[in-house]
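Every number here is computed from the coordinates shown, using simple stated rules; none is lab data. Every value quoted in this text rests on a predicted model; they were computed, and no experiment measured them. As a convention, Cβ positions derive from the backbone with ideal geometry for all residues, glycine included, and neighbour counts pool all protein chains shown.
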Amino acid sequence: MKNRLRELRAERNWTQADLAAELEVSRQTVNAIEKGKFDPSLPLAFKVARLFGLSIEQIFQDETD
Amino acid sequence: MKHTSVDANAYPAQEKNTSKYAACWAVIWGASIPLGIMAIKFIPSSKLFIGVLVVFIHVAIGVLAIRAHIRWLAALDEMQRKIQLEAMAMALGALWVAFGCLLVMHSAELIHIDYWEIALLTVLAGVATVAGNLIGVIRHR
């Protein structure tokens, strides 16, 4: 699954640690999501979407699309 | 724009605390086996009484260690939890395979198993857990 997490984080000048703190996860988890190595659960995806004020589809894209 | 409403160290601190707690209970649990065996050997009292007491203490510590590990898993975020659960699955699989092999070889009289070799299975579980962790961390890096 592709995502725009790195781009959205960079727009806000946040570090991975800042984003991790906002999402209450580890920095390693943010890094793995950004690199597409780990797909977040639906509750975490909703949390990300709420944080950036976007819909889940605007942040995460299924690679089969 | 930077959000300042959250404590950046909240998650790592919570994880560290529950990890320490779980590790302490695991060490106490592991130590209770050799200490219990030594108590049975060296305390000049009824072996039955000491044996039952040691089993009771071992089970009680075990229950507390399991609770500590459940709390630790609950405190992890979803990716860390996935890594740990996969590492635990590896440890369980390694234990079953090793135990099965030992039993078969013992039955075939190729080896003789005594309780110290059985105790080494806990070391194998530890090594398999560490290996599982490393694999998980590398895979998600």
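Here are the numbers:
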| read-out | value |
| --- | --- |
| Given 15 as the ceiling on other Cβ atoms within 10 Å, longest exposed-site-free region of chain A for GluC sites (Glu not before Pro) in DSSP loops | A:25-62 |
| Per-residue Cβ neighbour rank within 10 angstrom, fewest leading, B:45, B:19 | B:45, B:19 |
| Whole-number percent relative contact order across chain A, with pairs defined as alpha carbons under 8 Å at least 6 apart | 43 |
| Relative pair counts by distance (%), Cα atoms of chain A, 5 Å bins | 4, 19, 33, 31, 11, 2, 0 |
| Cα centre as origin, Lys/Arg/Asp/Glu Cβ charges: chain A dipole, Debye | 200 |
| Value at 222 nm in deg cm²/dmol, rounded to 500, when DSSP H runs of n ≥ 4 in the protein assembly as shown each add -39,500 (n - 2.57) | -25500 deg cm²/dmol |
| Geometric extent, Cα atoms of the protein assembly as shown - Rg, Dmax (angstrom) | 23.1, 74 |
| Given charges at beta-carbon only (K, R positive; D, E negative), |dipole| of chain B in Debye | 400 |
| Number of partner chain Cβ atoms within 10 Å, mean per residue of A:26-38 | 4 |
| Rg in Å to one decimal, and Dmax rounded to a whole Å, for chain B via C-alpha atoms | 19.6, 71 |
| For A:64, B:18, B:122, A:29, order by how many other beta-carbon atoms lie within 10 Å, fewest first | A:64, B:122, B:18, A:29 |
| Neighbourhood charge, 13 Å Cβ-Cβ cut-off, centred on residue B:141 and excluding it, Lys, Arg +1 and Asp, Glu -1 | +3 |
| At least 18 Å along the helix axis (C-alpha) and Kyte average at least 1.6, DSSP helices within chain B | B:47-75 |
